[in-house]
Amino acid sequence: MKISANISEAEAFKSQSAVRHGIDNTTTNEVVLDNMRHVAELFEQIRAHFGVPIGISSFYRSPALNKKIGGAKNSQHTLGEAIDIDADIFGGVTNAQIFEFAKTLDFDQLIWEYGDDNNPAWVHISRKRVGKNRKQRLRIK
């Protein structure tokens, strides 16, 4: 099964940290899966805009995995509402370009994560299926 045209379930649930710690990082919760499909629409818009494959460094994060890695208690990853995109996985576009384009989309949070002043290490983008999206832009150093 696919989450979207270019995101397989394997990609959506993939986590090296989960494998390393022996944690199941999957879900069958339909609400979470619907949230993932909704946020995946943003990924598809980004991919279509640039016309190149775009990498995913983190999508769904089970509550157990989130706790193990010290993620935020209210992480949207655990709800299937957030995806971390990393252009460096395939190349052809930069994370900074993705961040700039993503500003035009209907998102809840858009985060320039780490990296430097020229390029984030990855781009976090979230989107709520239910409720108002805040269009909040942040930077984590």
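The values are calculated or read from the model by the stated rules, or taken from the named source; none is laboratory data. Being a predicted model, the structure only gives us computed values, none of them experimental. Cβ atoms come from the backbone with ideal geometry, glycine included; neighbour counts cover every protein chain shown. Note: accessible area is taken over every heavy atom of the protein model, side chains too, but ligands, DNA and RNA are not part of it. Shrake-Rupley method; radii C 1.70, N 1.55, O 1.52, S 1.80 Å.
Residue check: is Arg134 more than 15 Å from Ile56 (Cα to Cα), in contact (Cβ under 8 Å) with a residue 24 or more places away in the chain and either surrounded by fewer than 18 Cβ atoms within 10 Å (Cβ to Cβ) or over 14 Å from the mean Cα position of the chain (by Cα) (or both)? Here the answer is yes, as Arg134 does meet what is asked. Within segment 58-77, being open to solvent by 30 Å² or more (accessible area, probe 1.4 Å), in contact with a helix residue (DSSP H, G or I) (Cβ under 7 Å, 6 or more places away or on another chain) and outside any loop (DSSP other than H, G, I, E, B) holds for Pro63, Lys68.
Which one of these is open to solvent by 20 Å² or more (accessible area, probe 1.4 Å) and at pLDDT 95 or above: Asn6, Asn35? One residue alone meets the criteria, Asn6.
Within segment 78-98, if we keep just the residues that are in a loop (DSSP other than H, G, I, E, B) and of a type outside the set (Gly, Ala, Ser), the residue that is surrounded by the fewest Cβ atoms within 10 Å (Cβ to Cβ) turns out to be Phe90.
Can we say Phe101 is at pLDDT 95 or above, open to solvent by 20 Å² or more (accessible area, probe 1.4 Å) and under 17 Å from Asn133 (Cβ atoms)? Criteria met by Phe101.
In the set Thr104, Thr26, only one residue is assigned to a loop (DSSP other than H, G, I, E, B), farther than 20 Å from Arg139 by Cα and either more than 11 Å from the chain's Cα centre (by Cα) or touching a residue at least 24 places away in the same chain (Cβ under 8 Å) (or both); that residue is Thr26.
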